[in-house]
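See structure below.
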Amino acid sequence: MSASGGTKAIVAALGANLSIAAAKFVAFAFSGSSSMLAEGVHSVADSGNQALLLVGGRKAKKAASEEHPFGYGRERYIYSFLVSVVLFAVGGVFALYEGYEKIKHPHEIEHWYWPVGVLVFAIIAETFSFRTAIKESNEVRGSLSWTQFVRRAKAPELPVVLLEDLGALVGLILALGGVLTALATGDGVWDGIGTVCIGVLLVLIALVLAAETKSLLLGEAADASQVAAIRKALVDGETVTRLIHMRTLHLGPEELLVAAKVAVRHEDTAAQVAEAIDAAENRVREAVPIARVIYLEPDVYRPGAQPAGGTPGDGTEPPGKE
């Protein structure tokens, strides 16, 4: 994912949420609608989330240090995980509590035109924000479905903004439905029910985001196409004759670590082996530009020997003859 694309989507969402939050709180003050209060808090939480994403992106650009020799790329994952926590704690839990209180102690909505007008305005603004996130995501997701894109994306910003905007749109529709039903029936309980539905939606989105960013924090390997490209680039059939085993790990969304044991010809001199390793590293960086940290260990291939640490699916070659 391009950093500029993610930043553009974040800024668009931040601007929309700040304006919507102000409008929602004004509407709550005039109408007393709990759905409007929950939606206002939701927009404030979303604004905080986008600020966290921007901070994470900025911190991730710091140069590597002695204490952090692989750099700060994972700052983006940490702040994305914080976003899921904020969305759960501030948005979801508050909406559930507010909805429960409104169902328990319902009251009629006053000045109905305030919440209805603000919700219509918010739906329009969130639609533009969501459209920006979709446009930026389409430039990088390729042939992946939306579910696959959210699950496989190594850069967390666009999936986070996509899910937030989707949740905001659905939440606004639920809030509008709750307010209109409460007005039509004269029963404020429906406003509370709409608020509870918003809370459930936010909690579900927060859990999805937490699960995906947790996986990134633990450390994910390169995707299958990148692994295949790296394997192909490592072996030239002349100086590097075989890939014995390999590990890949994302140090950040746009930085990949590659560690591999490769087979070289046993008759080669140390100088020839060093030259072969340098050439292999250059081929890998050309094939997969984000492979910026590469460690290659030369070895002599021994048919039938299981390499230490080799497991299926990690690039280990099956035993066989040269």
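The values are calculated or read from the model by the stated rules, or taken from the named source; none is laboratory data. Quick caveat, the model's predicted, so the values are computed rather than measured. We place every Cβ from the backbone using ideal geometry, glycine too, and count neighbours over all the protein chains shown. Calculation scope for accessible area: heavy atoms of the full protein, side chains included, ligands and nucleic acids excluded. Shrake-Rupley method; radii C 1.70, N 1.55, O 1.52, S 1.80 Å.
Lys104 versus Val208, label points 7 Å from Cα toward the beta carbon: distance in nm?
A separation of 3.1 nm, rounded to one decimal place.
Under a 5 Å amide H to amide H cut-off, with H placed in plane at 1.01 Å, what residues pair with Val262 once short-range neighbours are removed?
Here the answer is Ile244, Glu297, Asp299, since their amide H atoms fall under 5 Å of that of Val262.
Rank these residues by their accessible area, most exposed first, probe 1.4 Å: Trp190, Trp112.
Trp112, Trp190
Non-local amide H neighbours of Ala291 (under 5 Å, H modeled in plane, Pro and chain starts lacking H): which ones?
Leu256
Please sort by residue number the GluC sites (Glu not before Pro) in the range 17-124 whose DSSP state is loop and whose Cβ has at most 16 other Cβ atoms within 10 Å.
For GluC sites (Glu not before Pro) across the range 17-124 that sit outside H, G, I, E and B with at most 16 neighbouring Cβ atoms in 10 Å, the list reads Glu66, Glu67, Glu108, Glu110.
Which percent, nearest 5, of DSSP beta bridges in the chain are antiparallel?
Bridges in the chain that DSSP calls antiparallel: roughly 55 percent.
Counting only protein heavy atoms and using a 1.4 Å probe, what share of the accessible area of the range 18-58 belongs to carbon plus sulfur, as a whole percent?
The value for the range 18-58 is 79 percent carbon and sulfur by accessible area.
Roughly to the nearest percent, how much of the accessible area of the range 195-276 is carbon and sulfur, given a 1.4 Å probe?
Using a 1.4 Å probe with all protein chains present, the range 195-276 comes out at 62 percent carbon and sulfur.
Per residue, what accessible area does the chain have, given a 1.4 Å probe and all protein chains present, in Å²?
I get 48 Å² per residue for the chain.
For the range 247-262, in order, what is each residue's ³J(HN,Hα) by Karplus, 6.51 cos²θ - 1.76 cosθ + 1.60 with θ = phi - 60°, in whole Hz (x at glycine and Pro)?
10, 10, 8, 7, 7, x, x, 10, 9, 10, 9, 10, 10, 8, 10, 10
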